[in-house]
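Take a look at the structure below.
The values are calculated or read from the model by the stated rules, or taken from the named source; none is laboratory data. Because the structure is predicted, anything quoted here is derived from the model rather than measured. All Cβ positions, glycine included, derive from the backbone under ideal geometry; neighbour counts span all protein chains shown. With ligands, DNA and RNA removed, areas are computed over all heavy atoms of the protein, side chains included. Shrake-Rupley method; radii C 1.70, N 1.55, O 1.52, S 1.80 Å.
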Amino acid sequence: MTQDTVRPAEPPAPAPSAARGGWSLVLPVKPLALAKSRLGPFAGARRPELALAFALDTVTAALACRSVGRVLVVTQDAIAAAELTRLGAVVVDGEPGGGLNPALAHGAEYARRIAPGAPLAVLSADLPALRPAELARVLRAVPATGRAFLADTPGIGTTLLACPPGHRLGPAFGGASRARHAAGGAQEIGLPDVPSVRRDVDTGADLTEALALGVGPHTAAVAAALV
């Protein structure tokens, strides 16, 4: 582990608030004991710690993005909720059950209530290399008249789904979500040079790629302890 694996620092954005303009971002965080099961062979007993580190670094970068007005996290995990609240995220409780997409729809509804005129996006919470400037570029590429999504690095899943005010988000995450979002009428964002927004982490190989991009300090610290 060297300093080259740590994401370069960027100037912090102003503190978010419900009154501030900008995008509402909704992130899902599973109970840490269940999260990132495919990282078990790589991370062992530190898998929950690594999952939390991903979320902390993702939220930190999202809050530092000048296009973002607020970050909302949907989670039932008390530890994750406390840590992410300390960063400045809004934790949405009352998750309805039924899996990832109902949870995201629940978070989106809450975001609409607190900031009804804001554009809305769902963002994966496992983007430890996320760069605020790259996220801002993706959000600027969302059309003003409909839904749009960004595919993950393998081109199978989705790391971001967004829509302007007045449009239904319609999340269809999980597995081959790129095809589902496209079939549902969302426009694919074709930016070629936003790798930190595409590189979600589910496996040890994914984490190696994220480390090469440069991850946030929480992930860097846990990953260093695994070497």
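Put +1 on the Cβ of every Lys and Arg and -1 on every Asp and Glu Cβ in segment 41-103; which of Ala89, Leu100, Pro48 then has its Cα farthest towards the positive end of the dipole?
Positive-end residue among those listed: Ala89.
If I build a Gaussian network model for the chain, linking alpha-carbon pairs within less than 10 angstrom, which residue out of Leu191, Leu130, Leu100 has the largest mean-square fluctuation?
The residue that fluctuates most here is Leu191.
What's log10 of I(q)/I(0) for segment 120-227 at q = 0.14 Å⁻¹, Debye sum over Cα points only, no solvent?
Here the Debye-derived log intensity ratios amount to -0.54.
With just the Cα atoms defining each centre, how far is segment 86-140 from segment 49-64? Give it in Å.
Here the answer is 13 Å between Cα centres.
Can you give me the pair-distance distribution of segment 53-201, C-alpha pairs, 10 Å bins, whole percents?
Binned Cα distances yield the sequence 12, 44, 39, 5.
Rank Ala148, Ala176, Ala129 by mean-square fluctuation in a GNM of the chain with C-alpha springs under 10 angstrom and give only the top-ranked residue.
Sorting by GNM fluctuation, first place goes to Ala176.
Which value, in debye to the nearest 20, describes the size of the charge dipole of segment 144-227 about its Cα centre when Lys and Arg Cβ atoms bear +1, Asp and Glu Cβ atoms bear -1, and nothing else is charged?
Approximately 340 debye in magnitude.
Relative contact order of the chain, please, whole-number percent, based on alpha carbon pairs below 8 angstrom and at least 6 residues apart.
26 percent
Given a 10 angstrom Cα cut-off, can you work out which residue in Leu34, Leu161, Leu123 is the most mobile in a GNM of the chain?
Fluctuation is largest for Leu34.
Highest first, please rank the peptides 204-215, 65-76 by the mean number of other Cβ atoms sitting within 10 Å of their residues.
65-76, 204-215
Based on Cβ point charges of +1 for Lys and Arg and -1 for Asp and Glu, what charge dipole magnitude is obtained for the chain about its Cα centre, in debye rounded to the nearest 20?
500 debye
For the chain, what % of the accessible area comes from carbon and sulfur atoms, probe 1.4 Å?
Result for the chain: 59 percent of the exposed heavy-atom area is carbon or sulfur.
For segment 157-221, what is the accessible area per residue in Å² when the probe is 1.4 Å?
With all protein chains present, segment 157-221 gives 39 Å² per residue.
To check you understand DSSP bridge types, tell me what percent of the beta bridges within segment 34-172 (both residues inside) are antiparallel, rounded to 5.
Details: 8 of 11 bridges.
Roughly 75 percent of the DSSP beta bridges within segment 34-172 come out antiparallel.
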